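The next block holds one structure in the form of structure tokens; read it before the comments.
The values are calculated or read from the model by the stated rules, or taken from the named source; none is laboratory data. The shown structure was predicted, so the numbers you read here are calculated from the model rather than taken from an experiment. Reconstructed Cβ throughout: ideal geometry from the backbone, glycine too, with neighbour counts over all protein chains shown.
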Amino acid sequence: MPLTLRPIAHSEVGLVRKTNQDSGYVSTSLLLVADGMGGAAAGDLASVAATRRMFQVTAAPVVGQEALAALSEAIMAANDQLAALIQADSDLEGMGTTICGGLFDGEQLNIAHIGDSRGYRLSDGTLTRLTRDHSYVQSLVDDGKLDEEAAMTHPHRSLLLRVLNGQEGIQPEIFTTEVKVGDRLMFCSDGLCGMVEDGAIKMGLERETLDLAMSTLVDFAHAAGGSDNITIVMADVVEVKPLATGATADRKSGKQTVVLPAEPLAQAVMEAPPSAAYKTVGMIGAAADRKWIPILAKLLASEGEPIDLTDQADPKAALPHQLTAIREKLRYSPTGRRSRTGVLLLVLAIILALGGVGSWAALSYVSKQYYVGEYDGVVAIYKGIEGSVAGFDTSRLYEATQISLDDLPYVYRDHVRGTIPMGAGGLDQARITVAELKDKAAQCRLLRAGRGPDEPTPVDGC
């Protein structure tokens, strides 16, 4: 049977640092951690830029060698974007970031790694470190000059031999590892694995639920001093099992009985959803801070680089508080249209905000983007990129559907509310995604219609 991931994620500043330079992304197909470095704001910017570029591998499904190729292309493109940032602002010279994550294709985990953030797999009670640190201290361990215990406190344990830094000749590791149902996967920054020994990490990962595992590992990092940012993305590998096959259900409409057609149904097996304390989809850490959107846009546009500013944050929560009623009406108008004057004002505002002629590249890019999100409780297609620049929205409602979010399984509701970027797939991919969501909603309604009044609602929401 096909497999999927049940993920959660957490990123925090820790107990000592003043800012969080870690970034990450989490979904049912991608687990990613980036630990920025370079002083001042440069580390933040490096991890944000790399994460926002890397997560684009989820725009289209890929498997096997295609997945490995997509990861390799993404990490090289992320490095190119760092080079463009440094070219645009020489003060950013010396910044860099680790990258450590896995792209799950339904059968195996495809890993991209550079730096000293780590990947782990807990399988049948055995903890395996999936990655090898690209650090000076790890080289001493490999040469037998240092043991793991001494490596934890070595004064040069933060000295990296490989990192994503915009320079030519980077050497990331791209490889595949097998996983199976019941495995628990984790990727983390060295705020955890650099402070907490693998034996304790194993204890944390062995907790019964993802919530307990996460809270335990964060507690361990705090107990060890919490001297660095702490970012953890974690997931259980679960089956996608058939819930019903060939089932029919009757609905009465007046005197007439309507019989719904039989169709195979499938839904990921879900435990009780993780608590609201941890994120289950979208950007985390510095990458979740929207202040970086105009900064990245300005720097990259000045270098003529392609930009993807898509944000997985809740679109309602992301809107600035000072939005006027007029702008609210423009964004959420069912017609999906802006006045000609409004469009011109938006274009002018973005040009002024992003810095002159170079920003036309960003505008051209934005005008070709689409994403699927929520509009007034239903699934909708938006044109542009979710967010705002200079107080103006960078997207508009393109088309509202009749698919109610309440008809979708919980996991799909979360994806829509978090927004689903279409990347290069554009409007065609958006329509395919909407069609898939329509099928999921129909399956849910069919299950509910066939359930007795005293039967409990399944944990998947159907």
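Side notes on the structure shown:
- Within segment 29-45, one or more residues are in a loop (DSSP other than H, G, I, E, B), on the phi > 0 side of the Ramachandran plot, at pLDDT below 95 and aliphatic (A, V, I, L, M).
- Any chance Glu168 is assigned by TED's automatic domain parsing to the domain that holds Arg118, under 18 Å from Ile8 (Cα atoms) and either modelled with pLDDT under 95 or part of a loop (DSSP other than H, G, I, E, B) (or both): no
- Every residue from segment 21-59 that is over 14 Å from the mean Cα position of the chain (by Cα) and surrounded by fewer than 24 Cβ atoms within 10 Å (Cβ to Cβ): Met37, Gly38, Gly39, Ala40, Ala41, Ala42
- Test: residue in segment 171-180 that is among the acidic types (Asp, Glu), in the same structural domain as Gln81 (by TED's automatic domain parsing), closer than 30 Å to Ala83 by Cα and not in a helix (DSSP H, G or I): yes
- The single residue among Thr231, Thr209, Thr177 that is at pLDDT 90 or above and surrounded by 18 or more Cβ atoms within 10 Å (Cβ to Cβ) turns out to be Thr231.
- Checking each residue in segment 66-119 for being closer than 23 Å to Val240 by Cα and not in a helix (DSSP H, G or I) picks out Gly101, Gly102, Leu103, Phe104, Asp105, Gly106, Glu107, Gln108, Leu109, Asn110, Ile111.
- Among residues of segment 402-419, those that are aliphatic (A, V, I, L, M), closer than 11 Å to Glu374 by Cβ and modelled with pLDDT under 85, counted: 0
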